[in-house]
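Peer 1: Dropping a structure here in structure tokens format, bear with me for questions.
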Amino acid sequence: MSGVAAGRTIPRLQDSPGACAIRMDNAAMLAGFAPLTDTRTRLLVLGSFPGVASLDAAQYYAHPRNQFWPIVGQLLGLDLKAMAYEDRLAAVRERGLGIWDVYAACEREGSLDSAIQQAEFNDFASLIPTLPLLRGIAHNGGESARAQRFTASFGVPVFKLPSTSPANASWSFERKLAAWRRVFAECGLIEP
């Protein structure tokens, strides 16, 4: 898969998460990760775009203070943070969780969503038909949720979840966990 910006193709990694930066018109265009999904995916969680720590590590939610892995691990009854990254990915896929981002590419300095510019959407129209068990799409945070009007067109419930980013300090871990628990239960990943 590739994206197009300013008439130029942005290379995308197919088989494993990773990122690249290319120079275009004196601005660095960052490319995000491949989707982490398979035919068992029941809930697709969409972030906005990987932060600097994630891009550097070539891993979803790599910032040590991001609460994504602790929340998902607690909900699934797994110590995901203690697992090697590839094992973590296999564990969430096995339980029906898919992970991707709203944006395929963007320009951004730092990690804040408010700094995203020239963003290009991922190709959801090609991905969604490959997910026959999909029961919901959840947006991880406000920037991702700006795409709700688009993701709502796929015929499954769409949810806005509180961001797991360390920048979202106004929500406690427990409050975030409760919101995420409701969505995981509604989409059949955990018991209600």
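Just so it is clear, none of the values below were taken in a lab; they were calculated from the coordinates. Only a predicted model underlies this, so the values are computations on that prediction, with no experimental measurement involved. Ideal geometry is used to build each Cβ from the backbone, glycine not excepted, and the neighbour counts take in all protein chains shown.
Peer 1: Using only the alpha-carbon atoms, how far is helix 85-94 inclined from the longest principal axis of the chain? Give it as 0 to 90 degrees, nearest 10.
Peer 2: Helix 85-94 sits roughly 60 degrees off the main axis of the chain.
Peer 1: Please find, in a Gaussian network model of the chain (springs between Cα atoms separated by less than 10 Å), the residue of Ser153, Ser144, Ser111 whose mean-square fluctuation is greatest.
Peer 2: Evaluated over the chain, the most mobile residue of the options is Ser153.
Peer 1: Let me ask you something else. Scale the Cα Rg of segment 105-172 by the rule-of-thumb value 2.2 N^0.38 Å and send over the ratio, two decimals.
Peer 2: Relative to the rule-of-thumb radius for its length, segment 105-172 sits at 1.24.
Peer 1: Suppose each label sits 7 Å from its Cα in the direction of the beta carbon; what would the Arg182-Ser170 distance come out to in nanometres?
Peer 2: Computed distance between label sites Arg182 and Ser170 equals 1.7 nm.
Peer 1: What FRET efficiency do you get for Glu191 and Ala125 if R0 is 30 Å and r is their Cβ-Cβ distance, rounded to the nearest 0.05? Display every interim value, and only then the final one.
Peer 2: On the way: r = 33 Å, r/R0 = 1.09.
After rounding to 0.05, the efficiency reads 0.35.
Peer 1: Give the relative contact order (percent, whole number) for segment 71-192; include only Cα pairs under 8 Å separated by 6+ residues.
Peer 2: Value for segment 71-192: 23 percent.
Peer 1: Oh, and also: In degrees from 0 to 90, rounded to the nearest 10, what is the angle of the helix 173-186 Cα long axis to the longest principal axis of the chain?
Peer 2: 80
Peer 1: In the chain, which longest range has no trypsin sites (Lys or Arg not before Pro) that are both DSSP loop (not H, G, I, E or B) and surrounded by at most 15 other Cβ atoms within 10 Å?
Peer 2: After excluding every exposed loop site, the longest remaining stretch is 66-145.
Peer 1: Counting other Cβ atoms within 10 Å, which GluC sites (Glu not before Pro) in segment 33-142 have at most 12 and lie in a DSSP loop?
Peer 2: Glu109
Peer 1: Can you compute the helix-only [θ] at 222 nm over the chain? Use -39500 (n - 2.57) per DSSP H run of at least 4 residues, normalise by all residues, nearest 500 deg cm²/dmol. List each step's numbers first, then the result.
Peer 2: On the way: 7 runs with 51 residues, N = 192.
Using -39500 (n - 2.57) per qualifying helix, the result is -7000 deg cm²/dmol.
Peer 1: With both partners inside the chain, how many of the DSSP beta bridges are antiparallel, as a percent to the nearest 5? Can you show the working numbers first?
Peer 2: Details: 15 of 28 bridges.
Here the antiparallel bridges make up roughly 55 percent for the chain.
Peer 1: When all C-alpha to C-alpha distances in the chain are sorted into bins of 5 Å, what percent of pairs does each bin hold, rounded to whole numbers?
Peer 2: Calculated over all Cα pairs of the chain, the distribution is 1, 8, 17, 22, 22, 17, 9, 3, 1, 0, 0 percent.
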